[in-house]
Each structure stands twice: as structure tokens, then as C-alpha cells.
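Input: a single structure, listed below in C-alpha cells.
The values are calculated or read from the model by the stated rules, or taken from the named source; none is laboratory data. Note that the structure is a prediction, hence the values are computed from the model and not measured. Don't worry about glycine lacking a Cβ; one is built from the backbone with ideal geometry, like all the others, and counts go over all protein chains shown. Heads up: the accessible areas ignore ligands, DNA and RNA and are worked out on the full protein's heavy atoms, side chains in. Shrake-Rupley method; radii C 1.70, N 1.55, O 1.52, S 1.80 Å.
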Amino acid sequence: MHEADLRGIDFQLLVGLRALIEERSVSRAAKRLNLSQPAMSRVLARLRLLFSDPLLVRGRQGLLPTPRALTLQPALGRLLEDAARLVAPQKFDPLAATGAFHIAANDYAAQVVLPDLFARLRAAAPKMDINIRPNDAQALEGLESGRLDLALGVFREAPAGFYRQELMRDHFVVLLRRAHPALKARLSMAAYLKLPHLFVTLSGQGVGAVDAALKQQGHERRIAARVSTFMAVPGILQNTDLALTLPALLAGYLCRDRSLKRAELPFRIAPFAIAQFWHERRQADAAHVWLRRQVKESLVRAKSLG
């Protein structure tokens with residue numbers, strides 16, 4: 001049968017046929033499907049035309065299925081069960097799930113979110129693999145194509161076809177070695193600008209939001225060193241007079257070994273939001289909804305610990 005032929009079939013007729021064969025009574029089938037008896041009789045009439053067969057005929061104790069009806073019954077049951085599974089609400093069982101989650105994360109989000117997120121996923125979904133890649137210029141395309149499930153980082157707006165959920169807000173502070181001379185007094189703008197600055201950048205080039213804020217106020221700092229990851233920061237700051245301006249939550253993590261100390265910025269810069277970002281094709285996916293919840297809870301926990 002071609003698709004053009006299938007378009008003319010009312011699926012409810014097949015539901016009615018199963019009820020009629022199993023109940024062998026128009027009135028009982030009508031009650032089962034919450035229909036009136038005349039409506040059920042019309043269903044039977046349409047079924048007879050569709051299959052060119054009486055399907056059910058009168059017997060001494062009720063309706064009797066014809067040979068054609070009995071032939072149809074097994075396939076009809078399988079068809080309706082498959083259809084029910086097809087339209088059933090999607091469920092995700094993390095303990096049984098297999099496959100992989102693919103997440104793009106900038107270095108800050110990776111440092112703050114991933115430790116708790118990995119622990120959560122390993123405990124709740126042990127058969128799921130986790131793949132993390134840099135949150136770069138190809139992230140949007142990866143989300144749209146399906147190669148990525150989620151991206152974590154600073155996203156100010158969501159273009160058409162994408163969703164953005166703000167997870168938390170953070171602000172910038174300055175991080176220096178604990179015995180740094182600049183910490184003997186409250187850090188002034190003049191003292192801040194005299195410091196040699198470390199800048200974390202994936203590309204190893206450029207400037208950031210701090211430099212843009214300084215420029216608006218007519219100032220410029222000297223970036224004396226650039227690195228591509230926050231992992232290198234503690235060792236560098238502990239052994240130099242470099243200063244790093246970074247998010248406060250991450251500074252709290254890096255200060256745990258007590259060899260580093262944070263100071264407040266001597267100028268105003270707007271706080272920023274950490275968000276998770278995904279394509280609308282994943283919006284209703286049960287596994288993805290679960291993953292987004294885990295990410296959000298991980299960041300809430302990270303904020304409480306930081």
C-alpha cells in the first residue's frame with residue numbers, strides 16, 4: 001500500500017476493530033471506547049467497506065469474527081502496540097542509558113562545573129560516556145548538527161533556534177600571591193595599573209572584558225604574560241609578581257591552597273552570567289532535559305563551595 005492509500009485510513013477505525021473482535025459485541029466495544037452504540041455501528045460499517053469483508057457476523061451468543069478478522073487480529077495487535085509506544089511520552093533512565101554526552105565548555109566553566117558534574121554523571125548514569133571539548137567558534141554549528149549536546153560559558157543572547165538558560169552570575173576580582181607587595185594596602189587604580197598582568201586566553205592572543213572596561217574609563221593595563229588555561233595559573237602566580245583578574249568563583253577555588261589571595265577590583269565592571277546553551281532540536285529530549293538539570297545543580301553546588 002502506498003502512502004497515498006494510507007492517508008485515507010482513519011487510525012481510530014483500527015482501534016475500533018480490535019475492540020470489536022475482542023468484545024464480540026457492538027455495545028461492549030462502544031462502552032470500552034466511550035462511544036455511543038450508533039457511533040460504534042458506523043465504525044463497523046466503515047471497517048466492512050475498508051476491508052471488503054463483513055468482519056463480524058451474528059451468532060447465537062453474539063458476534064462472530066470472520067476468517068479475515070481472525071487473520072487480521074495478531075497483526076492488528078502488534079500495530080496498535082507499536083503505535084502506542086511510538087506516541088508514548090519519552091522517558092530517560094540514567095542507570096540503564098548508554099551512549100555519550102558531548103559538551104563544549106570554556107576553561108572557566110570546565111574548572112567550576114566539571115568536577116561535580118562528572119561525579120554526578122558517573123554515579124547516576126554510569127554507562128554514559130562524557131566528552132568535553134573547547135567552547136569555540138564551531139560550538140553553535142556543533143549544537144545545530146547534533147555533534148554537541150550542550151555548551152557552557154558566557155552567552156549574552158540566544159539566536160533563533162537556540163535556547164539559553166542563565167545558571168549564575170559572577171564578578172571579577174584580582175588574584176595575586178599571598179606575599180605580593182600590592183596586598184599591603186587596599187588596591188588602588190594606580191597600583192592595579194602598575195601591576196604586570198597575566199591573561200588567560202584560549203588563542204594566546206587578544207584582550208578581554210576587563211580591558212574593554214578599562215578603556216571606557218580611559219585606562220590601559222599591561223598584559224605581561226598570556227596562557228591558554230587556568231590550570232597553569234597557580235604555579236605562575238605563586239612564583240611571580242603577576243596579577244590575574246578573573247571570576248570570583250574561580251578565584252575562590254584557586255585560593256584553597258592558601259598560597260594565593262584575592263583582592264577587589266579598584267574599578268567597576270559589570271558582572272557576567274554563566275549560561276548553558278542548546279539547540280531547539282534537544283529542547284524536549286528526555287535525556288537532554290536530565291543533563292541540563294545535572295549541569296544546573298552542579299553549578300549551584302560549585303557556587304556554594306566557592
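Summary of computed values
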item	result
Residue check for ASP241: surrounded by 13 or more Cβ atoms within 10 Å (Cβ to Cβ), within 22 Å of ALA179 (Cα to Cα), of a type in the set (Asp, Glu) and out of contact with any Gly (no Cβ under 9 Å at 6 or more places or on another chain)	yes
Residue that is surrounded by the most Cβ atoms within 10 Å (Cβ to Cβ) [pool: residues in the range 112-141 that are over 24 Å from GLY161 (Cα atoms) and of a type in the set (Lys, Arg)]	ARG120
Residue list for the range 253-281, restricted to those being open to solvent by 20 Å² or more (accessible area, probe 1.4 Å), more than 30 Å from GLY161 (Cβ to Cβ) and in contact with a strand residue (DSSP E or B) (Cβ under 9 Å, 6 or more places away or on another chain)	LEU254, CYS255, SER259, LYS261, ARG262, GLU264, LEU265, PRO266, ILE269
Scope the range 100-127; condition within 15 Å of LEU148 (Cβ to Cβ) and within 15 Å of the chain's Cα centre (by Cα); matching residues	ALA100, PHE101, HIS102, ILE103, ALA104, ALA105, ALA109
Residues being part of a strand (DSSP E or B), open to solvent by 50 Å² or more (accessible area, probe 1.4 Å) and within 30 Å of GLN276 (Cα to Cα) - total across the range 157-190	5
